[in-house]
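The values are calculated or read from the model by the stated rules, or taken from the named source; none is laboratory data. The model shown is predicted, which means the values in this text are computed figures rather than measured ones. Note that we place each Cβ from the backbone using ideal geometry, even for glycine, and neighbour counts take in every protein chain shown.
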Amino acid sequence: MKEIVVLSGKGGTGKTTLLGSFALLADNKVMADCDVDAADLHLLLAPIPRKKNKFHTGVKARVIKTQCTSCGTCKELCQFGAVSLNGSAAIDPFACEGCGVCAHFCPEEAIVLDENYCGNWFISDTDYGVLVHAQLFAGEENSGKLVTFIKKKARELAEQQSAESILVDGSPGIGCPVIASLSNVDAILAVTEPTQSGWHDLERVLELADHFKIQSFVCLNKWDLNPGMAEEIVASCQKRRVDVLGYIPFDPAVVSSQLAGVPFGKDNNGPAALAIREIWKQLHGKVIGGKID
């Protein structure tokens, strides 16, 4: 079983669109959406959740009003401005960082630390296979921890069904959730576009892959909008000895597919669909092994 993560140094390069297409093309796989801060793979795959599960991490302070004497110790010690006094102490959950200082020093022991409910995760059925996905609530942290949890669940399901592969939709950038998505992966497919920012952020992704010694590949999306820069990006990849698996041309059919809420390539033989099929064929051969039709 091989695990492939699709990444992009910046948002909007077509990473999720490409993974949705792979969902059409791949056999016997489990899919995971690890972009938990802004998950959107479900918009293409129309998952039906088996069950909604709560995700808890960290703590938030809570005042037991019947014990509070409004002495002000917590307000004085809080470095985040989360405490207000109005008859008794009150804690703003959006400002509380869960450091626990207020609970530790409260002379009346009127403050407790509750486990923080910060999002939901799902195991869902789709027309294309099982999808493990999640959604953090707005402003919540620990997305890296949730990504690790989602990957663990995806691997458990993949082992249960003897899956050939796990296809992971990673977060944009190179931050904590991206690093968490790279654990135990066999290969990275980095999606970029022929712009200066796309090239710059692709370099960061490839440097991250080098740091963790993970095999990486590249594909160029909408390459024909700036062929000159596309050539420069390819030359840069060649210097790094990173294979460029394919070039996806701009195709209005991609937008139509997204508006319809279906993976791109279904019942489509246009130039972009054909390019994506060739990219998957190469990726399958280089990572998973064996020929596909």
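The table that follows gives values for the structure above.
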{"quantity": "Residue list for the range 150-177, restricted to those being in a helix (DSSP H, G or I), of a type outside the set (Lys, Arg) and within 27 Å of residue 192 (Cα to Cα)", "calculated": "150, 154, 176, 177"}
{"quantity": "Residue match in the range 190-199 (condition: surrounded by 15 or more Cβ atoms within 10 Å (Cβ to Cβ), over 22 Å from the mean Cα position of the chain (by Cα) and either assigned by TED's automatic domain parsing to the domain that holds residue 11 or more than 26 Å from residue 1 (Cβ to Cβ) (or both))", "calculated": "yes"}
{"quantity": "Selection count, the range 82-92, where residues are assigned to a loop (DSSP other than H, G, I, E, B) and either without any contact (Cβ under 8 Å) to a residue 12 or more places away in the chain or over 36 Å from the mean Cα position of the chain (by Cα) (or both)", "calculated": "2"}
{"quantity": "Odd one out for residue 228, checked against (1) under 15 Å from residue 14 (Cβ atoms); (2) loosely packed, with under 14 Cβ neighbours inside 10 Å; (3) not β-branched (Val, Ile, Thr)", "calculated": "(1)"}
{"quantity": "Single residue of the range 30-43 satisfying the filter (buried (at least 24 other Cβ atoms within 10 Å of the Cβ) and not in a loop (DSSP other than H, G, I, E, B)) that is nearest to the chain's Cα centre (by Cα)", "calculated": "33"}
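Yes or no, residue by residue, for (1) assigned to a loop (DSSP other than H, G, I, E, B); (2) in the same structural domain as residue 39 (by TED's automatic domain parsing); (3) under 26 Å from residue 51 (Cβ atoms):
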{"residue": "80", "(1), (2), (3)": "yes, no, no"}
{"residue": "94", "(1), (2), (3)": "yes, no, no"}
{"residue": "108", "(1), (2), (3)": "yes, no, no"}
{"residue": "113", "(1), (2), (3)": "no, no, no"}
{"residue": "139", "(1), (2), (3)": "yes, yes, yes"}
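One line per residue, one yes/no per condition, for (1) polar (S, T, N, Q); (2) surrounded by fewer than 14 Cβ atoms within 10 Å (Cβ to Cβ); (3) touching a Lys or Arg at 6+ places or on another chain (Cβ under 8 Å):
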residue: 234; (1), (2), (3): no, no, no
residue: 242; (1), (2), (3): no, no, no
residue: 252; (1), (2), (3): no, yes, no
residue: 256; (1), (2), (3): yes, yes, no
residue: 269; (1), (2), (3): yes, yes, no
residue: 278; (1), (2), (3): no, no, no
residue: 283; (1), (2), (3): no, no, no
